[in-house]
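The values are calculated or read from the model by the stated rules, or taken from the named source; none is laboratory data. Keep in mind that what you see is a predicted model, and the values were worked out from it rather than measured. For neighbour counting, all protein chains shown are included, and Cβ atoms are generated from backbone atoms with ideal geometry for every residue, glycine included.
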Amino acid sequence: MENLGIDIKLLIAQLINFGLFFFIFKKFVAGPFVSVMQQEKKKDADRKQILEDVAKQKETLALQEKTAKDEIHKKTEESLKAVRHAAEMEKVLLLKKAQEESGEIVKRASKQIEEERHQMEKQYKENVAKVSVLAVEHALKDFLTEDMQKQVNTKLLSNLENK
Amino acid sequence: MRLDPQVKERLKKTFNDELVAQKELVKVISAYHLSQEELKKIISQFPQYATSTIENKVDPLIIGGFIIQSGSQNIDLSLRNALHLLKKQLYESN
């Protein structure tokens, strides 16, 4: 060993020195440094997780908002549809009622017109009959001679005899 | 009001006599004056008046034919009545 230029004592001392240095370095420098690094790494991971959670919550909220909006829109549409339907039904009912009422009015008016027409017709016929009979009466009074009246009596008596 | 029975009896008799006289008198109303023969022919158709007193009365308004009146009975065979019946029939035919 000595021929190679290696001093055993010095080598051992250097090994011991290196071991001491390694132990002290590991114990007081590398350990805390690694611990700090790990803590920072963990904090980074936590922040990232929080950001991801926030993003997820945002997404969830946006989705919920959209769903709520859709639901409101749907409900509004349904309400409008129901109101329109009710209005339409009311309109139909009102129309039907109006038609019925107008039909009734027309029916009553027709009946009244018919009655008035019938009454006028009756009155007209009565007047015609009255005037006709009056005309015949006057004509007979003016033109019936005594001979004709005798003939009437004879005819009457002959009718009575036949009965 | 109470009536004396005698007065009541006399009134009754008077009314009865009046009624009998009315019943016995038969009026034949015609548009012209009827001859005795015509009156006989007319009355011969109504035997119930054979014993009654017949009186002829002229009323031109009946136009023709004759009416026999006895008391409350009235047999109207005049042209005026015929026209009246015709008018009634025309009214009723409406």
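The table below lists the values:
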item	result
Index of the failed condition, B:SER93 passing every other in (1) modelled with pLDDT under 90; (2) away from chain A (no Cβ under 14 Å)	(2)
B:LEU39 within 13 Å of the chain's Cα centre (by Cα) and either in contact (Cβ under 8 Å) with a residue 12 or more places away in the chain or surrounded by 18 or more Cβ atoms within 10 Å (Cβ to Cβ) (or both)	no
In the range B:18-74, the residues that are of a type in the set (D, E, K, R) and under 20 Å from A:LYS163 (Cα atoms)	B:GLU38, B:LYS40, B:LYS41
Flag if A:LYS130 is within 30 Å of B:ILE43 (Cβ to Cβ) and either part of a helix (DSSP H, G or I) or modelled with pLDDT under 90 (or both)	no
Positions within the range A:129-163 being of a type in the set (Val, Ile, Thr), facing chain B (nearest Cβ under 8 Å) and out of contact with any Lys or Arg (no Cβ under 7 Å at 6 or more places or on another chain), in sequence order	A:VAL136, A:VAL152
